[in-house]
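The values are calculated or read from the model by the stated rules, or taken from the named source; none is laboratory data. Since the structure is predicted, the reported quantities are computational estimates derived from the model, not experimental observations. Note: ideal-geometry Cβ built from the backbone for every residue, glycine included; neighbour counts use all protein chains shown. Surface accessibility is based on the protein's heavy atoms, side chains included, excluding ligands, DNA and RNA. Shrake-Rupley method; radii C 1.70, N 1.55, O 1.52, S 1.80 Å.
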Amino acid sequence: MTPPAFPPLFSGLDANGTEPFTLACVQARNVCDAGLVTYDLGHDRLRAAIVFAPEVSLRDAAAMLPLCGVGFQHALGALAPPEVAVHLGWAGEIYVNGGHCGDLRMASSDTDPDAVPAWLVIGLSLELWPRSHDTGTTPNTTALYAEGCGDVDPSALLEAWVRHTLVQLNDWADDGTARLHRVWLELAHGRDMDINVAGHRGTFTGLDEHLGLLLKSGEATQLIPLTALLTEPA
């Protein structure tokens, strides 16, 4: 199989069946170049991760999570049939035609929001085929090929994700979070709904200037920063 082709300054590393997110964290810890894309193109699941080398505080760099989500939405939107709807959950969830189909996650060398991390990794996991033939038992979850996307090639989708993420990254570098804030909210799943995120429950009412979640519970509104979504580096 021909390896995926990525834009300049990005390089690929096949995880050969292991977890690409874990591999990317290990490579980043060992001081690899930014732009490394680790991937595993399984028959039933697409998994990948991108290594970033932020030059801003973690509070600002955490925007890579929603930024990569927008990049994925644009990538799948370009490859899937026009009637396929792709939306994003604030905690990294990916929804296809309303069903939970995949997730993004984030790890960093640092957890201090004011520190400039040495590296930050965004991981992607997308279900291609349903894990069970009895899809009626899990009506809120789905898989890409169950939603009319059987012609979407996983390698082409991975390449498109990286390309569209690069476009979003350049826009973010030029314009800050204002455009990303607007575009992400247009794709948001669960807005004005009762949700449970990072141990907090309330109504999703919007985002702050750092793309943190504004969650209303009763008369109080609390802010959940993107850094609350950090996972332990593998």
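Things worth noting here:
- For the chain, the mean residue ellipticity at 222 nm estimated from helices alone is -8500 deg cm²/dmol, where every DSSP H run of n ≥ 4 contributes -39500 (n - 2.57) and the total is divided by all residues, rounded to the nearest 500.
- For the chain, a Gaussian network of Cα nodes joined below 10 Å ranks LEU223, LEU67, LEU185 by mean-square fluctuation, and the top entry is LEU223.
- Distance between modelled label sites at LEU214 and ASN170, nm, 7 Å Cα→Cβ extension: 3.2
- Label separation (TRP129 vs ARG29): 3.3 nm, computed from points 7 Å beyond Cα along the C-beta direction.
- For region 46-83, backbone nitrogen atoms closer than 20 Å to the point 7 Å from ALA5 Cα along Cα-to-C-beta are found at 75-76, 78-80.
- Diagonalising the gyration tensor over the Cα atoms of the chain and scaling each eigenvalue by 5 before taking the square root yields semi-axes of 25, 24, 16 Å, largest first.
- Label point at GLU83 placed 7 Å out along Cα→Cβ; residues across region 97-118 whose backbone nitrogen lies under 14 Å: 97
- Built amide H within the under 5 Å cut-off of LEU13, gap 5+: VAL37, THR38, TYR39
- Charging the Cβ of each Asp and Glu at -1 and of each Lys and Arg at +1, and nothing else, the dipole of region 130-234 about its Cα centre rounds to 220 debye.
- Computed over region 82-155, relative contact order equals 26 percent, with contacts defined as Cα pairs under 8 Å that lie 6+ residues apart.
- Contact order normalised by residue count of region 16-125, Cα under 8 Å, 6+ apart, percent: 31
- Gaussian network model of the chain, springs between alpha carbon atoms under 10 Å - residue of ARG105, ARG163, ARG191 with greatest fluctuation: ARG191
- Neighbour net charge for ARG201 - beta-carbon separation under 12 angstrom, K R +1, D E -1: 0
- Computed magnitude of the charge dipole of the chain (debye, nearest 20; Cβ of K, R +1, Cβ of D, E -1): 160
- Within the accessible area of the chain (1.4 Å probe), percent carbon and sulfur: 50
- Surface per residue (accessible, 1.4 Å probe) for region 131-229, Å²: 54
- Of the DSSP H helices in the chain, those whose Cα atoms cover at least 18 Å axially and whose Kyte score averages 0.5 or more: 64-79
- In this simple spin-label approximation, ALA115 and ARG191 carry label points 7 Å from Cα along the Cα→Cβ vector, and these lie 3.4 nm apart.
- Dipole orientation for the chain: of the candidates ALA188, HIS164, LEU79, ALA188 has the Cα lying most toward the positive pole (charges on Cβ; Lys, Arg +1; Asp, Glu -1).
- Ligands, DNA and RNA are left out, and with a 1.4 angstrom probe the accessible area of region 1-95 is 42 Å² per residue.
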